[in-house]
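See structure below.
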Amino acid sequence: MARRPLPLLTDETEFFWTSGADGRLRFQRCEGCSALIHPPQPVCRYCRGHALTVTEVAGTATLVSFTVNERFSSPGLEPPYVVARVTIDEDPRVRLTTGIIGCEPSELRLGMRLEVVFEQVEDVWLPLFRPGAEQPDEPVALPPDHPGPERIRALVRPPLGAERFEHKAALTGTGASRIGRRLGVPPLTLTVEACEKAVADAGLTLDGIDGLATYPGAGVTAGFGEGGVNALENALGIRPTWHNGGMETFGPTGSVIAAMLAVAGGLARHVLCFRTVWETTHTQQLREGRRPATQPDRVTDGAQWTAPFGAVSAAHALAQNAQRHFHAYGTTRETLGWIALNQRAGAALNPEAIYREPLTMDDYLSARPITSPFGLYDCDVPCDASIAVVVSAVDAARELPKPPVLVEAVGTQLVERLEWDQSTSTHEPQVLGQAAHLWTRTELRPADVDVALLYDGFTMNCLSWIEALGFCGIGEAKDFLDGGKNIARDGLLPVNPHGGQLSHGRTHGMGLVREAITQLRGEGGARQIGGARTAVVATGGLTPSGVMLLRADV
């Protein structure tokens, strides 16, 4: 059997990965404030001191979340296996992604006391954990997040002044390529299809486009990109005065917010934003041997702290956040099921959606498990597609044939830690801060929103945004979602009426922007939300996210 992925030993990390040679677990420690720092850094994130050393810890920990992986395979680990998070006794702010040995998955419970056990693989000692000899008789309170959900709002920075760059930008056009599974179409072809349609929808020609923006940009493989801005410019010859592409932005639709800044600052008048995925064709080509599969001998950067333990998918991270939400607030699988059923009901009215067949709660609950508590219908639908949106300066938008969709506010602030396993544990990381930031930039409130387009790479993403944006209180989603009525097309807060990523297809957030434009123009056909005048669009997916509040030009 192939060995599991191993971390690349560097000067900064070797102490951690080899500390098990003498059976002792070690971390960086700040000599100024005594905080443990993990992953290793050149500075303490708490007091910003530079006096750092390495210290031994007892190797005892608390189990704060876990998921039983049933679906994903990883070299050296055959499913089912457990991916877990534990907090270190000496500083519970430090969490490790790890594996659990010495007990059956059914015996695991949050709050269990654990002790470290090292497994040597070549020159690496992997810290795994097993149940401690003594266990508490009563459930224990789990270590809180830093900052906790109740503290997020206090950390959000208020606007610098009354002027809003958002009010200088508008969304004027949108288009989509064909969408489906294993289309076998080159990704740049899909991009051109979507972009040509978006430009025509805006009433422009390609010669009128003077800006290009995309996510995640060039160099991204595995079916999640098409070559970036350079590839499209080479194909169309647009010659933009401004362009932008990359992953370190405001989530998958960060290109749209960046374009708003560009037109507000006078760098461009009409920016063409696009997002292309071709994951299903890429995967098919891998299976057929038409595309080389690469497996690095050693993993680096953030992956080194998760991949050795079989955490190879975003599902493994978010499933553990779902477990914590269940534990903290009494949420159940049925709570998540109402989101999946709602999206499928919307998709039934959308001829573009990939999955349109009826879905019942029994179907949802009996679907094959993926990684607990997620089943098949908690996960979005991989597809091939491209979505494009034109962002225009407001004065230029007034000259176009269709009424523009105006931008009321955006939310972008980083408040939580960026590492998935060190960040918010009860919700999708990177939603609470951005949501709170949005409401500081507008006088509108959640009750003013007519339709919500919320990222649903997994059902838990959508639940997180519902609570973060204040459509119900933190921990109140179980009651808010019960029965699915509140989020239905005729409910208090219609959510993803086109089917979302769970049924329409995984277009990585840009499909949500397109649906918001469609709804605010009144072009939704059978799925149209009556009287829709304001829409919130939230995208992320465990990355730094972005949220925007849009309104019709009335």
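The values are calculated or read from the model by the stated rules, or taken from the named source; none is laboratory data. Computed from a predicted structure; not experimentally measured. Every residue, glycine among them, receives a Cβ derived from its backbone with ideal geometry; neighbour counts consider all protein chains shown.
The residues of the stretch 119-130 that are over 30 Å from the mean Cα position of the chain (by Cα) and surrounded by 18 or more Cβ atoms within 10 Å (Cβ to Cβ), listed by number, are Val124, Trp125. Total residues in the stretch 240-267 satisfying the condition of being hydrophobic (A, V, I, L, M, F, W, C), buried (at least 24 other Cβ atoms within 10 Å of the Cβ) and either assigned to a loop (DSSP other than H, G, I, E, B) or touching a Lys or Arg at 6+ places or on another chain (Cβ under 6 Å) (or both): the figure is 1.
Pairs linking a residue in the stretch 37-62 that is closer than 18 Å to Ser423 by Cα to a residue that is among the polar types (S, T, N, Q) and part of a loop (DSSP other than H, G, I, E, B), with Cβ atoms under 9 Å and 6 or more positions apart or on different chains, are His38/Gln422; Pro39/Thr13; Pro39/Gln422; Pro40/Thr13. Restricting the stretch 407-437 to residues that are touching a Leu at 6+ places or on another chain (Cβ under 7 Å) and under 23 Å from Val271 (Cα atoms) leaves a set whose member that is surrounded by the fewest Cβ atoms within 10 Å (Cβ to Cβ) is Glu408. Just to be sure before I move on: is Arg445 touching a Ser or Thr at 6+ places or on another chain (Cβ under 9 Å) and of a type in the set (D, E, K, R) in the structure I sent? When the stated conditions are applied, Arg445 does not pass them. Looking only at the stretch 322-337, decide whether some residue is closer than 16 Å to Asp456 by Cα and either of a type in the set (S, T, N, Q) or not in a helix (DSSP H, G or I) (or both). There is at least one residue in the stretch 322-337 that is closer than 16 Å to Asp456 by Cα and either of a type in the set (S, T, N, Q) or not in a helix (DSSP H, G or I) (or both). Would you confirm whether any residue within the stretch 392-404 is in contact (Cβ under 8 Å) with a residue 12 or more places away in the chain and on the phi > 0 side of the Ramachandran plot? There is no residue in the stretch 392-404 that is in contact (Cβ under 8 Å) with a residue 12 or more places away in the chain and on the phi > 0 side of the Ramachandran plot. Considering the conditions (1) among the aliphatic types (A, V, I, L, M); (2) surrounded by 24 or more Cβ atoms within 10 Å (Cβ to Cβ); (3) farther than 19 Å from Leu341 by Cα, Leu512 is excluded by exactly one of them, (3).
In this structure, is Arg333 under 26 Å from Leu142 (Cβ atoms) and free of Cβ contacts under 8 Å to residues at least 60 places away in the same chain? Answer is yes for this residue. Scanning the stretch 330-373 for residues that are under 23 Å from Gly111 (Cβ atoms), surrounded by fewer than 16 Cβ atoms within 10 Å (Cβ to Cβ) and either in contact with a Phe, Trp or Tyr (Cβ under 6 Å, 6 or more places away or on another chain) or not polar (S, T, N, Q) (or both) turns up just one, Gly330. Screening Pro143 with (1) in contact with a Pro (Cβ under 6 Å, 6 or more places away or on another chain); (2) at pLDDT 95 or above gives one miss only, at (2). Within the stretch 392-402, can one find any residue that is over 24 Å from His316 (Cα atoms) and assigned to a strand (DSSP E or B)? Checked the stretch 392-402: at least one residue is over 24 Å from His316 (Cα atoms) and assigned to a strand (DSSP E or B).
Counted as qualifying within the stretch 417-536 are the helices (runs of 4 or more DSSP H) with 3 or more residues that are among the hydrophobic types (A, V, I, L, M, F, W, C) and more than 14 Å from the chain's Cα centre (by Cα), namely 432-439, 477-481, 510-521. Where residues in the stretch 218-239 are buried (at least 20 other Cβ atoms within 10 Å of the Cβ) and in contact with a Gly (Cβ under 8 Å, 6 or more places away or on another chain), which of them is nearest to Pro187 (Cα to Cα)? Among those that are buried (at least 20 other Cβ atoms within 10 Å of the Cβ) and in contact with a Gly (Cβ under 8 Å, 6 or more places away or on another chain), it is Gly225. All told, Ala154 falls short of being in a loop (DSSP other than H, G, I, E, B) and not acidic (Asp, Glu). Residues of the stretch 133-144 include none that is closer than 30 Å to His282 by Cβ, part of a loop (DSSP other than H, G, I, E, B) and within 23 Å of the chain's Cα centre (by Cα). Scanning the stretch 308-329 for residues that are over 13 Å from Pro373 (Cβ atoms) and either of a type in the set (Ser, Thr, Tyr) or surrounded by fewer than 22 Cβ atoms within 10 Å (Cβ to Cβ) (or both) gives Val312, Ser313, Ala314, Ala328, Tyr329. Scanning the stretch 5-25 for residues that are buried (at least 19 other Cβ atoms within 10 Å of the Cβ) and either touching a residue at least 40 places away in the same chain (Cβ under 8 Å) or over 13 Å from Val124 (Cα atoms) (or both) yields a total of 7.
From the list Glu357, Glu399, Glu352, pick out the single residue that is of a type in the set (Asp, Glu), closer than 25 Å to Glu196 by Cβ and not assigned by TED's automatic domain parsing to the domain that holds Trp242. After applying the criteria, what remains is Glu352. Taking the numbered list (1) buried (at least 20 other Cβ atoms within 10 Å of the Cβ); (2) at pLDDT below 95 in turn, Val554 passes all entries but (1). Tallying residues that are out of contact with any helix residue (DSSP H, G or I) (no Cβ under 7 Å at 6 or more places or on another chain) and outside any helix (DSSP H, G or I) within the stretch 338-351 yields 2.
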